[in-house]
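What follows is a set of notes on a single structure, which appears directly below.
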Amino acid sequence: MKRDRELARKILHMESRAVRELIPRIDRNFERALDLLERCTGRVVLTGMGKPGFIGRKIAATLASTGTPSLFLHPAEAVHGDLGMVTKRDVVIAISNSGETEEITKLLSTIKRMGAAVIAMTGNRESTLAKNSDVVLNVGLGREACPWNFAPTASTTASLAMGDALALCLAKRKGFREDDFARLHPGGSLGRKLIKVRDLMRRGRNHPTVQGNASVQKALLAITRARAGSVTIVDGRGKLKGLFTDGDLRRHLRKNGVSILTEKIGTLATKRPVTIQEAKLAAEAIRLLRERKIDELPVVDKKGRAVGLLDVQDLLRAGFV
């Protein structure tokens, strides 16, 4: 119905406004909060009751996935023993719109005695939580997106956005990179997108290499031992000089017969094969294989040395193709 659509648009407008209102509040307090988090030698502990608690869990997950050890502490369970999770090396981020949530305020004196720092995310800068915290981040709003101004909606959106800003700025400060993200997300499509060629390529005994003056027969034995689909041709310093594949073998056999087995592999190999650098993403390797309609990619380092081989079968086993 039209009125449903109008209400939905109004709610989304209020939610987006809640985030926009945070922008002018990114001030020295935000920087101080980042300083505390960057210096933290323990873990970042998120706590919040009810809906803010769900936001705390999400922020903890975002911090962990971007390189900052973190956990969620339920404030009601904390006073019954779980407070032992907190140490003086930790930083606690407490989320409470009113700043007077009983389960949160009960924890403050104990947390302060332990020596842990406290960052408050609250809409009330005069609250008990704010007055007993090391840093206060103001996430207060005029009203919720809820038509009756009851359900935590815009306020939780604002807290979540502030938490994302903290987590991502902290990751940037720490020098968190794509490689780190891939290491922490090895499963699923996200992890696969960030895997590098070096993580999948054949190397060592599984990467058959011969010099150009080796016979075709010797090259084929190297392919067989490595159970590969090609052999990389290198010079005495390991620089790539060519590639000889199963397909090349079949073509030359049809043309010249078994006499090619005694010929030098360097005379029959593809002199300038398509290559990829080891630091490239596996997704780039897939693109090259598909566009060039090939099955093998020699992998080289920045100096042009052959350091590995990427076979389409390797990508199949890893679930990329």
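Quick note: the coordinates plus some simple rules give every number you see, no bench work behind them. Note that this is a predicted model, so its numbers are computed, not measured. So basically every Cβ, Gly included, is an ideal-geometry build from the backbone, and we count neighbours across all protein chains shown.
Okay, here's what the table says:
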| item | result |
| --- | --- |
| Matching residues, region 73-95, being closer than 25 Å to GLU144 by Cα, buried (at least 20 other Cβ atoms within 10 Å of the Cβ) and free of Cβ contacts under 8 Å to residues at least 60 places away in the same chain | PRO75, ALA94 |
| Selection count where residues are of a type in the set (Asp, Glu), touching an Asp or Glu at 6+ places or on another chain (Cβ under 9 Å) and farther than 14 Å from ARG198 by Cα, scope region 288-312 | 2 |
| Qualifying position, being in contact with a strand residue (DSSP E or B) (Cβ under 7 Å, 6 or more places away or on another chain) and assigned to a helix (DSSP H, G or I), among ILE55, ILE93, ILE11 | ILE55 |
| One residue from VAL136, VAL231 being within 31 Å of the chain's Cα centre (by Cα) and β-branched (Val, Ile, Thr) | VAL136 |
| Number of positions in region 22-41 that are loosely packed, with under 15 Cβ neighbours inside 10 Å, assigned to a loop (DSSP other than H, G, I, E, B) and not aliphatic (A, V, I, L, M) | 2 |
| When residues of region 104-130 are limited to those that are farther than 26 Å from PHE30 by Cβ and charged (D, E, K, R), the one surrounded by the fewest Cβ atoms within 10 Å (Cβ to Cβ) | ARG113 |
| Residue among GLY242, GLY308 that is surrounded by 15 or more Cβ atoms within 10 Å (Cβ to Cβ), without any contact (Cβ under 8 Å) to a residue 40 or more places away in the chain and assigned to a strand (DSSP E or B) | GLY242 |
| Helices (runs of 4 or more DSSP H) within region 103-191 that include 3 or more residues hydrophobic (A, V, I, L, M, F, W, C) | 154-173, 178-184 |
